[in-house]
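For reference, the structure discussed in these notes is given below.
What follows draws every value from the coordinates through simple rules; no lab data is involved. Small disclaimer: the values here were computed from a predicted structure and weren't measured. Cβ coordinates were reconstructed from backbone atoms using ideal geometry, including for glycine residues, and neighbour counts include every protein chain displayed.
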Protein chains: 4
Amino acid sequence: MSFTDKSDLRLPPLGRRLRLGFVGGGRGGLVGAWHFSGARLSNHWEVVAGALSTRPENAAASARDWCIAADRSYSDYRLMAATEAARPDGIEAVSICTPNNSHADIAAAFLRAGIDVILDKPMTSVTADARMLVEVQRATGVSLTMTYPFSHHAMVRQARALIARGEIGRIRQVHVEYLQDWNFAAQEAGNIGWRQDPSVVGRSSIVGDIGTHAYHLLHTMTGLDVAEVRADMFVCGGAKPQPDTAHIGLRLTNGAPGLLHLSNATIGQYCGLRIRIWGDRGALEWDQETPERLRLIPLEQEERIFLRGARQGVLPEAEHLIHLPRGHGETLTDAWANLYAEAGVLVASRRSGTDLGLAPLVLSGAADGLRGMTFIDACADSWEAGGRWTALAG
Amino acid sequence: MSFTDKSDLRLPPLGRRLRLGFVGGGRGGLVGAWHFSGARLSNHWEVVAGALSTRPENAAASARDWCIAADRSYSDYRLMAATEAARPDGIEAVSICTPNNSHADIAAAFLRAGIDVILDKPMTSVTADARMLVEVQRATGVSLTMTYPFSHHAMVRQARALIARGEIGRIRQVHVEYLQDWNFAAQEAGNIGWRQDPSVVGRSSIVGDIGTHAYHLLHTMTGLDVAEVRADMFVCGGAKPQPDTAHIGLRLTNGAPGLLHLSNATIGQYCGLRIRIWGDRGALEWDQETPERLRLIPLEQEERIFLRGARQGVLPEAEHLIHLPRGHGETLTDAWANLYAEAGVLVASRRSGTDLGLAPLVLSGAADGLRGMTFIDACADSWEAGGRWTALAG
Amino acid sequence: MSFTDKSDLRLPPLGRRLRLGFVGGGRGGLVGAWHFSGARLSNHWEVVAGALSTRPENAAASARDWCIAADRSYSDYRLMAATEAARPDGIEAVSICTPNNSHADIAAAFLRAGIDVILDKPMTSVTADARMLVEVQRATGVSLTMTYPFSHHAMVRQARALIARGEIGRIRQVHVEYLQDWNFAAQEAGNIGWRQDPSVVGRSSIVGDIGTHAYHLLHTMTGLDVAEVRADMFVCGGAKPQPDTAHIGLRLTNGAPGLLHLSNATIGQYCGLRIRIWGDRGALEWDQETPERLRLIPLEQEERIFLRGARQGVLPEAEHLIHLPRGHGETLTDAWANLYAEAGVLVASRRSGTDLGLAPLVLSGAADGLRGMTFIDACADSWEAGGRWTALAG
Amino acid sequence: MSFTDKSDLRLPPLGRRLRLGFVGGGRGGLVGAWHFSGARLSNHWEVVAGALSTRPENAAASARDWCIAADRSYSDYRLMAATEAARPDGIEAVSICTPNNSHADIAAAFLRAGIDVILDKPMTSVTADARMLVEVQRATGVSLTMTYPFSHHAMVRQARALIARGEIGRIRQVHVEYLQDWNFAAQEAGNIGWRQDPSVVGRSSIVGDIGTHAYHLLHTMTGLDVAEVRADMFVCGGAKPQPDTAHIGLRLTNGAPGLLHLSNATIGQYCGLRIRIWGDRGALEWDQETPERLRLIPLEQEERIFLRGARQGVLPEAEHLIHLPRGHGETLTDAWANLYAEAGVLVASRRSGTDLGLAPLVLSGAADGLRGMTFIDACADSWEAGGRWTALAG
């Protein structure tokens, strides 16, 4: 057996790495390091430019950390977009890892400069901005990819493919939870992190921050969307301006009910994104903290465990995301690399005018980003109405 | 170390076993076998009489299975109560394992005959009957014990004691789920099991059947009660007359929110009663399917695992329920035995007029049974009102 | 589904419970409590007589604990055997839970009195005594059952049945470990527990105490015996007169190699009896601490988990040992009850002259007890010879 | 908390990436892909040259996969060493991922060319070659790093630091196993993979291939070496020229015994490298397949779980290897990246003549490589002598 004989997603289709820039992601941030690791590990990108911080010293220091040449380190994203678009060796895409309320302007600037965009979730802080971005993307024809890394785990795709094949039958109920503990402490006045500031993050910190991941995972696995929500929200940790916890009832588009449980103030929970999907012929269970195992329980049969990298049982839709044999761990860093590899194929295809893709590319675009904002709005509307069942806007 | 040197709950305080009878529990049932196993294993009881079925042949055959003498096998509980009360060697207590709507009359008959009652949950099928039973119990002064076996696991008591000592601080959120799969199939007209028949089980099959266990566990561990509920209910498995699934929002008496998830139509879930309690100084997690382990996560410290039977760390409130060293499994059968041992101490104390008890007896009486009915009512009321927040009746 | 509709091993075949006595097992001991619990829970026995200790006060106090009438509490087993054999309501069997070096005399006395024997392992302290017991058993025709409780777990029988059906093919390698921690501390001169005293336990404390369990489990599951051993032994915990640890190479009768790892001085190990069996078509793994799950990995297929009490996949050879549905735990206490139920069927059959048995009774008799002694001898011989490969005596 | 505020091992100390070449690792191989991934993810290296295969077409195609310029793709390592050494922008280090028997000549050529060497294990196929390499390394003063990736998991370093601090006291026993299944099938004559060919891999395929990893892990964690071994070896899978299984008794330098179990023919085992270390004050357990958790059981206390990325409890010796918060998985890919980051610091320090290192760099050099060969020899000698206890050569 050789793992490199197969068609490998991590081989750059153009025979060279694409040139990537970053806005945000410098020292003091967290998400940027994931994007950067994924880009490096993917083998599809080299990071050659950045406006890594709005503070010039931090931008310069961060650029040195990332081995970006000094003359391609910017402290203003507009200058970066203009300058890079004009260079013959300018960046071909940009990754945006800034606070939510800056996403729309930054992404629009790069789209208009003809530079493909990779954008951290949620799409924007207010839905009107997301609608604007959808328009700009459509008008420019440049690609916009939203980053939902959990959907790039091989076993998530395995679940998606099993459900599409009907292995668990018609879906009858779902339970999704995303529980963390980092936001337990109180946020004191005058020292509120931007993730708690409504003017930065939008209407719901907890739904925007982690609920959108859970919503996207549910959609990716099942192929179903959410039709209606009923949301209660709470501050369970220390005092802070926005809820840190949400209990959300779901009605899926096929009529099945669901529960979504979100909190980042639950001690002892780390990155607890877990999904259980019950159909009328079987059930599937997946846990982001043990992402290489997928539990299938067919109705009235023994449990079966699918294992990333096993010789048998892994479906083609998942296989191309796998790089190491079973037992040799691949986790979130690898999922980020898969995301950046799939995005690389997309960008290289668009720029070369050729379909360089592997068939089962699964990426989220501008419409998905807007849909995520619609979900946030519906949850916020429901909560403000005392937990009334609220339909997602069309 | 010797495990029998300690004060052992399984040593009958009267130096003899108490005489026990059963109503219900014969062939074709399920719950009766648990009660009977718990009684035998407890070492406090010998089962000497029974009206194990309303069908005479079944009653007689079941009595032979249980080694009950033919002259003490009855097919009518009233005859049994009268006859046994008159015998010098008559039963000292009766266990009632019949369908819900018969509980009130049977229990009242034995209470009035001066025979202590051990009653399976839920207390009755309608709350008025429960109120009547509370009155009868109070008037007769005979004991009535409700059977919630999960609260007799040693590690449940360990959690209760840790919380009482403040180890996790003030409780800020709870999640409880009880998921099973036995009721997945459709219940066809004319062939509906009694557990689905509203005239037998009362207003809510799913809340009455397993929700009361979850509610009781939450109360036992935290010492808090539920103030308000918001319930949505669904048929997720095959068609049947009552919901097989409930999603219930909770507001605890200290103001903390909670989620309660109930279903017996979730494939791949067996006896999935799990509780997570988040406080402001730590969290506790317990799973009925691995009942000997209790996970404590103190705020900003490493996880600690308490293990039933370990030499250190087990608190006195749990210690007396432990009979085997760590690693030598004790599970649900042992929890039933603990329940019957604690009930034995209670009955022996009442009958002897002496406090024979070990200090930390934790048993549920008539008031707890009524409270469980109140919880069922509040959930049913909320559901019928479209998921309105509904307070439990005082 | 009803769990009591099936043929149930826990229904006494004679329609009454058999009368059982105990030698040993009183206050201060550990193993006796297991035997006693198993007997009660099995529903096949009532314990009516005992010589529970050689110290008269302890014998009397222990008899009260066990609800044995004062006139049937003995402090001398010879008197007990004679008296009980003469009573019309005398015991039909005796359980012997005394230190190893007393087993032979006690068991022989009861066999000669026509009372069936249930004997804790190892059979004796010296092999010559075991050979004598085999002869006495043969001459008297009374039954002798050795107690290896782990072989009465349902999933052990499931593994045995799967292997017998060829599900994992020809066995190519085995790994068995039995690790505990209770014997970590030093045993000071003048205060050596009897389990460390060679004059009481025989040639090898660690092999006799837990190695015989592991050896028996291996044999029960695979149907293969051990042909040769190579043993190294060590004191890894505090100083004591006998090794607390053994590393034993195995050669099975089919030529396959194996490893057996024994220690009761390994901190953090509790009752860690674990077995992995690798065949040429698949593998099986079982862990006594999670006894309700059996992992089967067929060659080049997904893992499958068999679950005690599941509706599908459990074979008839295991089914009759199961009393509760999946998820409702059955562990070591239940295995002891299964052992006593199977022994009850055996004794009732012999005494009634009728085969009352369920087909797949799996019990160990005198020959198995002797074989266990032979295994201990081979390990001790090998160790004394510096780890030479040593064949088991024929 | 920000994970990028801390001193981060993945920031290149020279402010630029070092230039790296590869010998071996092209299409059809497995190990090369790991090295290459680790180098990319580490952020310390860019791969700019390679002799990725001895077959020219494969070398060229593989170079395109890796985005190596055509003029720096070689099919002869000698030409590569000479050419690169002469270029002003030549490689600063080379990674060697070829079959064992070619390691010595290749590594020596690069060392003599002044190019630092990163060498896959085992060091060579015969020990004399390893001694030669040690001499060449010493004479040239160029660095040689052996790649044992498992020792670069953060929780392995945590274990090492806990043991060094005395947390589990004096080590009294160890158990290490490394079990896989990839080599189960028979190797037919004329089609034997090079990993089974003694002329390529040396005296012991199973010890050289995975036993050296286990030996190195044991040494890294405990600080102890192996003094003596007793090895039995077996073919447990299909017929093949060398054993696929070894059972090895160990005597550590402090006198403690150990067991090492190796097989790559155990169905259902994937990358099952597991270690348990028992001291006189506690025990540690770690499993490569769940590498982010480390189980500590202090004597007579509750179990404690250390978690990679937790806010508390992680020691400085492990902290700098951690890049993501707890729950956000880091596994084998990240361990390889840590290895390449530490090697990058070493090479940059040597080349700049400055100590750029973070204090707790833990890398294996030429002497460690030779020690690994000595271990293989002792195991092979012991096995050939029928399992005689055999001391490792000094």
Worksheet item: Percent antiparallel among DSSP beta bridges with both residues in segment C:18-150, to the nearest 5?
Response: 0
Worksheet item: In segment D:304-378, which trypsin sites (Lys or Arg not before Pro) are in a loop and have at most 15 other Cβ atoms within 10 Å, using DSSP for the loop call?
Response: D:311
Response to the item:
Per the 1/(1 + (r/R0)^6) rule, R0 = 22 Å and r from the Cβ atoms of residue C:185 and residue C:54, FRET efficiency to 0.05 is 0.25
Item to complete: Rank the residues B:225, D:355, A:232 as a footprinting-exposure proxy: fewest other Cβ atoms within 10 Å of their Cβ go first.
Response: D:355, B:225, A:232
Worksheet entry | Lys, Arg +1 and Asp, Glu -1 on Cβ, resulting dipole of segment B:241-340 about Cα centre, debye, nearest 20 | 80
Item to complete: Please name which of D:148, D:354, D:239 has its Cα lying farthest along the dipole of chain D towards the positive end, using unit charges on Cβ (Lys, Arg +1; Asp, Glu -1) and the Cα centre as origin.
Response: D:354
Worksheet, complete the sentence: Karplus ³J(HN,Hα) for segment C:199-210 (6.51 cos²θ - 1.76 cosθ + 1.60, θ = phi - 60°; Hz, whole; x = Gly/Pro) runs 5, 9, 9, x, 6, 8, 4, 6, 6, x, 6, 10
Worksheet item: When only C-alpha pairs under 8 Å and at least 6 residues apart count, what is the relative contact order of segment C:257-373, in percent?
Response: 12
Worksheet item: For segment D:315-362 and segment A:30-58, what is the separation of their Cα centres, given in Å?
Response: 19
Worksheet item: Treating the beta-carbon of each Lys and Arg as +1 and of each Asp and Glu as -1, no other charges, what is the dipole magnitude of the protein assembly as shown about its Cα centre, to the nearest 20 debye?
Response: 0
Worksheet item: Relative contact order for segment B:18-150 using alpha-carbon pairs under 8 Å, separation at least 6, rounded to a whole percent?
Response: 22
Worksheet item: At what distance in angstrom do the alpha carbon centres of segment C:266-302 and segment B:247-270 lie from each other?
Response: 34
Fill in: Cleavage-rule hits (trypsin sites (Lys or Arg not before Pro)) in segment A:28-113: DSSP loop, at most 15 neighbouring Cβ within 10 angstrom
none
Practice prompt. Within 10 Å of each Cβ in peptide B:166-176, how many partner chain Cβ atoms are there on average? Round it to a whole number, please.
Written response: 3
Discussion item. Helix check for chain A. Which DSSP H runs span at least 18 Å along their own axis by Cα, with a mean Kyte-Doolittle hydropathy no less than 0.0?
Written reply: A:332-352, A:366-384
Worksheet entry | For residue A:385, label point 7 Å along C-beta direction: distances to other copies, nm | 1.9, 8.4, 8.5
Worksheet item: Counting DSSP beta bridges in chain C, what percent are antiparallel, to the nearest 5?
Response: 60
Practice prompt. Give a quick list of GluC sites (Glu not before Pro) in segment D:172-263 that DSSP marks as loop, anything other than H, G, I, E or B, with at most 13 other Cβ atoms within 10 Å.
Written response: D:188
Worksheet item: What FRET efficiency, computed as 1/(1 + (r/R0)^6) with R0 = 56 Å and r the Cβ-Cβ distance, is obtained for residue B:31 and residue A:362, rounded to the nearest 0.05?
Response: 0.70
Response to the item:
Across C:238, C:21, C:249, the residue with the highest GNM fluctuation in chain C (Cα network, 10 Å cutoff) is C:238
Worksheet item: Once every DSSP H run of n ≥ 4 in the protein assembly as shown is given -39500 (n - 2.57) and the sum is divided by its residues, what mean residue ellipticity at 222 nm do you get, rounded to the nearest 500 deg cm²/dmol?
Response: -10000 deg cm²/dmol
Item to complete: Report the antiparallel proportion of the DSSP beta bridges in the protein assembly as shown as a percent, rounded to a multiple of 5.
Response: 60
Fill in: Neighbour-count order for A:156, A:23, fewest beta carbons within 10 angstrom listed first
A:156, A:23
Worksheet item: Could you give the nm distance between label points at residue A:194 and residue D:138, where each point is 7 Å from its Cα heading toward the beta carbon?
Response: 5.7
Item to complete: Kindly give the distances from residue A:28 to its copy-mates, label point to label point, with each label point 7 Å from Cα along Cα→Cβ, as nm values to one decimal ordered shortest first.
Response: 5.3, 7.2, 7.5
Worksheet item: Between rounded, prolate and oblate, where does chain D land on the alpha carbon gyration tensor, with a ≥ b ≥ c its root eigenvalues, rounded for a/c under 1.5, else prolate if a/b exceeds b/c?
Response: oblate
Discussion item. Residue by residue through D:246-259, how many Cβ atoms from other chains fall within 10 Å of the Cβ on average?
Written reply: 3
Worksheet item: What distance in nm separates the simple spin-label points at residue C:71 and residue A:305, each placed 7 Å from Cα in the Cβ direction?
Response: 6.0
Practice prompt. Just check the protein assembly as shown against the gyration tensor rule for me: Cα atoms, a ≥ b ≥ c as the square roots of the eigenvalues, rounded for a/c under 1.5, and otherwise prolate or oblate depending on whether a/b exceeds b/c.
Written response: oblate
Worksheet entry | Cα gyration tensor, segment C:306-394 - rounded (a/c under 1.5), prolate or oblate | oblate
Discussion item. Only counting other Cβ atoms within 10 Å, I'd like A:120, A:181 sorted with the fewest neighbours first.
Written reply: A:120, A:181
Worksheet item: For segment A:18-150, with the dipole built from +1 on Lys and Arg beta-carbon atoms and -1 on Asp and Glu ones, taken about the Cα centre, which of A:41, A:66, A:77 lies farthest toward the positive end?
Response: A:41
